[in-house]
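The values are calculated or read from the model by the stated rules, or taken from the named source; none is laboratory data. Model, not experiment: these values are computed from the prediction. Cβ: placed from backbone, ideal geometry, glycine included. Neighbour counts: every protein chain shown. In case anyone asks, the SASA skips ligands and DNA or RNA and just uses the protein heavy atoms, side chains included. Shrake-Rupley method; radii C 1.70, N 1.55, O 1.52, S 1.80 Å.
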Amino acid sequence: MINKCLFPAAGYGTRFLPATKAVPKEMLPVLTKPLLQYGVEEALLAGISNMAIITGRGKRAIEDHFDNAFELESQLIETSKEHLLKEIKEIIASSTFTYVRQNKMLGLGDAILTGKPLIGNEPFAVILADDLCDYSDKGIIANMVKIYKKYKCPIIAIEEVPIEKTQKYGVISGKILEENSDLYEVMDMVEKPSPEKAPSNMAIIGRYILTPDIFDILKTIKPDSNGEIQLTDALRVQARNKKVIAYKFKGTRFDCGTVKGYLDASNYFAKKISL
Ligand code: G1P
């Protein structure tokens, strides 16, 4: 029922300059795998094989990564290094990739709206590859797809964060949906509130299941004080008019949009494979 996953990947990645001057931040590797590939693998595990990627100027490496590389592959064939391309070749064989460029940096809401021609009129998943999540089962998006199938409304992933960090996230207030569950009905949500103004410490993390009415709502959202159109503001309208469910993620997440989070992720995955 959820067939497509949107990956906003147009941002400049200024926190990683100069590394991101010519290399898209989504292509920075955690160990040997680019961040975006982790996201694509998570979507595939949820049974989603159509990847819709929002790119921008200077991001062509993303398209090349998810495409065959004949010279390289023929060089490695029947050598001891052939296995190094096995995973990415399987991904390419089992997925389709479509792209659209966001030509103005007007925030996450605008990036989602830019993806409308790739998505059409159906519910879809969104993965922000910066938020790298480790999982033991089928992954956070797979869990959210299951929840969507039951409730048929937008689902957002949340995590408790220290209250002094609310300014980095969209923050929700919600009431528990079912006794002992990880699900909340969203009552309100605010983008990057100060700790004093935060409705709780439950922060939105970069995984969403959205319904296609979000596109029309996004068109009505006014830019914030930084000139950005926030997805959180559009979801807030949906939460008021119908139901939006927040799913509390319990696994391990790294904010690879920061150098510290990126380093922590690299160390964590290195330890995991006893590198
Ligand atoms: C975006 C969203 C924010 C969310 C965050 C998760 O912010 O706008 O609501 O909490 O992703 O990573 P960004 O990190 O792009 O500034």
Heavy-atom accessible area of T211 with all protein chains present, probe 1.4 Å, nearest 10 Å²? 10
For segment 127-199, give the magnitude of the charge dipole about the Cα centre (Cβ charges: +1 Lys/Arg, -1 Asp/Glu; no others), in debye to the nearest 20. 340
Looking at segment 1-104, send over the antiparallel percent of its DSSP beta bridges, to the nearest 5. 15
Give me the extension gain from L183 to A61: residue separation times 0.36 nm, minus the current Cα-Cα distance, reported in nm with one decimal. 40.1 nm
Ranking by accessible area, most exposed first, for V100, V161 with a 1.4 Å probe: V100, V161
May I ask you to give the solvent-accessible area per residue for segment 179-260, in square angstrom, as obtained with a 1.4 angstrom probe? 47
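Mind checking the alpha-carbon convex hull of segment 148-222 and giving the volume per residue in Å³?
Working: hull volume 7.7 nm³, N = 75.
It is 103 Å³ per residue.
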For a quick check of your reading of the filter: which trypsin sites (Lys or Arg not before Pro) in segment 208-275 sit in a DSSP loop and have no more than 15 other Cβ atoms within 10 Å? K242, K243, K250
To the nearest 10 square angstrom, how much accessible area does E164 have with a 1.4 angstrom probe? 130
Shape of segment 77-233 from its Cα gyration tensor (a ≥ b ≥ c, root eigenvalues): rounded if a/c is under 1.5, otherwise prolate when a/b > b/c, or oblate? prolate
If you wrap a convex hull around the Cα atoms of segment 66-134, how much volume per residue is inside, in Å³? 151
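If I take every Cα pair under 8 Å that is 6 or more residues apart in segment 172-275, average their sequence separation and divide by the length, what percent do I get for the relative contact order?
Value for segment 172-275: 27 percent.
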Which GluC sites (Glu not before Pro) in segment 76-131 sit in a loop by DSSP (not H, G, I, E or B) and have at most 11 other Cβ atoms within 10 Å of their own Cβ? E78
Above-threshold pairs, the threshold being 30 Å between Cα atoms, out of K89/K242; K168/K219; K89/K271: K89/K242
When the C-alpha atoms of segment 1-112 are aligned to their principal axes, what extent does each axis show, in angstrom, from largest down? 47, 41, 22
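Looking at the chain only, what percent of DSSP beta bridges run antiparallel? Nearest 5 please.
60
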Length-normalised contact order of the chain in % [C-alpha pairs under 8 Å, at least 6 apart]: 23
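Which semi-axes, in whole Å and largest first, does the equivalent ellipsoid of the chain have when worked out from the alpha carbon gyration tensor as the square roots of 5 times its eigenvalues?
30, 20, 19
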If you filter segment 1-97 for trypsin sites (Lys or Arg not before Pro), then keep DSSP loop positions with at most 16 other Cβ within 10 Å, what is left? K21, R57, K81
Relative contact order (%) - criterion: Cα under 8 Å, at least six apart; region: segment 24-163: 35
Report the extension gain between K86 and D134 in nm, rounded to one decimal, defined as 0.36 nm multiplied by the number of residues separating them, less their alpha carbon distance. 15.2 nm
At a 1.4 Å probe radius, carbon and sulfur cover how many percent of the accessible area of segment 1-105? 53
